[in-house]
Amino acid sequence: MGRTALVEGVEVSTEHWIGGERVGSADAFTDVSPIDETTIAEVARGGPEEADRAVRAAREAFPAWAETPPEERARILHRIGELVEERVPELAAVETRDNGSLLRSMRDSVMPRVARNLHFFAEQLLELRHDELETGPYRTRVEWDPAGVAVVITPWNAPLMLATWRFAPALAAGNTVVLKPPEWAPLTASLFADLAREAGLPDGVFNVVQGIGEEAGSALVGHPGVDRISFTGSVETGRLVAAAAGRNLTPVSLELGGKSPFLVFADADLDAAVAQAVNQYDNAGQVCLAGTRLLVERGVYDVFLDRFLERAGTLRQGDPRRDDVDLGPLISREHFERVDGFVRRAKEAGAKAVLGGGPNEELGGLYYRPTLFVDVPPGAEVLRKEVFGPVLTLQPFDDEDEAVAMGNDTDYGLAAIVYTGDRARAERVARRLVAGTVWVNCFYVRDLRAPFGGARDSGIGREGGRWSFDFHADVKAVCMGPFEDR
């Protein structure tokens, strides 16, 4: 198996997976667990050479995989999903150690969702149909042809689940894949490669190149042999990816940052709204969809704040491997300093921290207290920039128009959350909010058949259901005229 690391009792290869074999590199990068900032692995550090080798392997495997009948592609994806289900405890343990997410979340929802993504897109492939269009004697049908080599680059907050959301439809569509996992949490991608091989995925159809974004990632997105690029991450990096892809006219799908509003009207179920608002601290706030800007109608603002502080005060922070813990650490020392910088500058600008407001001194390390700011000056950085940590703001509004204006006062447009007891208002507000997804009286409910993506700086394109196949395939229209009977 080559070089490996033992992580939570699970042996994990630290080498690349290219063309059906483990491949090392001359250099390595250190993978540090955010739980205690100890080194858990030295991981092969790929660059242009490994990127080119992986793309060439994927290009070589593409014709046969593209010609593989959809039923067989679906069967293999289902088999991989079954193997994921069997290995949930191992995958969850490794990812928690690698990125600091709650073990119970990984075990009970995130890793099962990995399997669900695979099963869903396998089923969706077999259901992919389009009604024939008739224009007089002419008939037009739509076909989805495999596009080629797909590069998938994913973030560290839910690395394997977010990767399967991208590469499962790519594989289902008949593409071959090169995955670049995040350098801060790369290990479950390596485990997944083993499962894909065990399930019978042909060599070269799925490849993993580990490394630093500026090295391996840059080489992949700029490679002329790539036909599709899916990226999830920051706006700044998304711009670099789009620029590199543009030089080769490679289609890109970008899910970028968010600064989502969480609107609470006076007629809402306040207890439900408060519970969901506190839930925005999930994964230590390292969730791009999180409703970090709490906007509450003035008539219930004080009550909402009191209940929020009471409920948030019960949150338990600590080792994410414990089931009685609600918040784990931030991903890295670099990110910890970034989050702390936002908090310090918010205080300097005049914002008042009524909850948290700094590191958790009792735990030390990378643990940051859940924080809530009030009295935030209009236009303050903490209202406009994505913190990506356990930091929320609370602002009052007076009426529906002001709520919508405040909700839309951002460069982002990934998601929005609305709590109200008035169905007509819910429809009006949802229609006026600029967001790829609007949740009303709920949050993070995902129907995989629905489109997902962001508006404004939050991204380009939509995926999910048939939208994923529209991106990961060359969509073809075949128009046929009448044939004479012979």
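The values are calculated or read from the model by the stated rules, or taken from the named source; none is laboratory data. Note that the coordinates shown come from a computational prediction; the quantities given were computed from them, not determined experimentally. In this analysis, Cβ positions are derived from the backbone assuming ideal geometry, glycine residues included, and neighbour counts consider all displayed protein chains. The protein model used for the area step is the full one, side chains on, heavy atoms only, and it has no ligands, DNA or RNA in it. Shrake-Rupley method; radii C 1.70, N 1.55, O 1.52, S 1.80 Å.
Give me a count of the residues in the range 279-302 that are closer than 23 Å to Ser101 by Cβ, part of a helix (DSSP H, G or I) and open to solvent by 10 Å² or more (accessible area, probe 1.4 Å).
Here the count works out to 3.
Being at pLDDT 95 or above and either loosely packed, with under 13 Cβ neighbours inside 10 Å or in contact with a helix residue (DSSP H, G or I) (Cβ under 6 Å, 6 or more places away or on another chain) (or both) narrows it down to one residue among Phe483, Phe452, Phe443, Phe471; which is it?
Working: Phe483 fails: at pLDDT 95 or above; Phe452 fails: either loosely packed, with under 13 Cβ neighbours inside 10 Å or in contact with a helix residue (DSSP H, G or I) (Cβ under 6 Å, 6 or more places away or on another chain) (or both); Phe471 fails: either loosely packed, with under 13 Cβ neighbours inside 10 Å or in contact with a helix residue (DSSP H, G or I) (Cβ under 6 Å, 6 or more places away or on another chain) (or both).
Exactly one of Phe483, Phe452, Phe443, Phe471 is at pLDDT 95 or above and either loosely packed, with under 13 Cβ neighbours inside 10 Å or in contact with a helix residue (DSSP H, G or I) (Cβ under 6 Å, 6 or more places away or on another chain) (or both), namely Phe443.
In the range 92-140, how many are touching a residue at least 60 places away in the same chain (Cβ under 8 Å) and in a loop (DSSP other than H, G, I, E, B)?
Counting residues in the range 92-140 that are touching a residue at least 60 places away in the same chain (Cβ under 8 Å) and in a loop (DSSP other than H, G, I, E, B) gives 5.
Take the range 88-126 and flag every residue that is buried (at least 24 other Cβ atoms within 10 Å of the Cβ), small (Gly, Ala, Ser) and more than 18 Å from the chain's Cα centre (by Cα).
If the condition is that a residue be buried (at least 24 other Cβ atoms within 10 Å of the Cβ), small (Gly, Ala, Ser) and more than 18 Å from the chain's Cα centre (by Cα), then Ala122 is the only one that fits.
Taking only pairs six or more apart or across chains, which ones have beta-carbon atoms under 8 Å, a first residue in the range 44-58 that is outside any helix (DSSP H, G or I), and a second residue that is open to solvent by 30 Å² or more (accessible area, probe 1.4 Å) and among the hydroxyl-bearing types (Ser, Thr, Tyr)?
These pairs meet every condition: Ala44/Ser25; Arg45/Ser25; Gly46/Ser25; Gly47/Ser25.
Taking the residues in the range 44-60 that are among the acidic types (Asp, Glu) and in contact with a His (Cβ under 8 Å, 6 or more places away or on another chain) as candidates, determine which candidate is most open to solvent (accessible area, probe 1.4 Å).
Here the residue is Asp52.
Given the criterion without any contact (Cβ under 8 Å) to a residue 60 or more places away in the chain and hydrophobic (A, V, I, L, M, F, W, C), identify the matching residue among Ala168, Ala199, Ala193, Ala163.
Step by step, each of Ala168, Ala199, Ala193, Ala163 is checked, and only Ala163 is without any contact (Cβ under 8 Å) to a residue 60 or more places away in the chain and hydrophobic (A, V, I, L, M, F, W, C).
Can you tell me how many residues in the range 127-152 are among the aromatic types (Phe, Trp, Tyr) and either more than 29 Å from the chain's Cα centre (by Cα) or farther than 28 Å from Ala61 by Cβ (or both)?
Matching residues across the range 127-152 total 1.
From (1) free of Cβ contacts under 8 Å to residues at least 24 places away in the same chain; (2) of a type in the set (A, V, I, L, M, F, W, C); (3) closer than 20 Å to Ala415 by Cα, pick out the condition that doesn't hold for Leu249.
(3)
Yes or no: Ala477 modelled with pLDDT under 95, small (Gly, Ala, Ser) and either over 22 Å from Val114 (Cβ atoms) or assigned to a loop (DSSP other than H, G, I, E, B) (or both)?
On the way: modelled with pLDDT under 95: yes; small (Gly, Ala, Ser): yes; either over 22 Å from Val114 (Cβ atoms) or assigned to a loop (DSSP other than H, G, I, E, B) (or both): yes.
In short, yes.
Could we say that Gly200 is touching a helix residue (DSSP H, G or I) at 6+ places or on another chain (Cβ under 6 Å), open to solvent by 10 Å² or more (accessible area, probe 1.4 Å) and of a type outside the set (Lys, Arg) here?
Yes.
Could you list, in sequence order, the residues of the range 30-43 that are open to solvent by 60 Å² or more (accessible area, probe 1.4 Å) and in a loop (DSSP other than H, G, I, E, B)?
Result: Asp36, Glu37.
Which pairs do you get when a residue that is open to solvent by 20 Å² or more (accessible area, probe 1.4 Å) and among the acidic types (Asp, Glu), found in the range 217-230, comes within reach of a residue that is in a loop (DSSP other than H, G, I, E, B) and at pLDDT 95 or above, reach meaning Cβ atoms under 6 angstrom, with the pair 6+ apart or on two chains?
Between residues of the range 217-230 that are open to solvent by 20 Å² or more (accessible area, probe 1.4 Å) and among the acidic types (Asp, Glu) and residues that are in a loop (DSSP other than H, G, I, E, B) and at pLDDT 95 or above, the close pairs are Asp227/Ala147; Asp227/Gly148.
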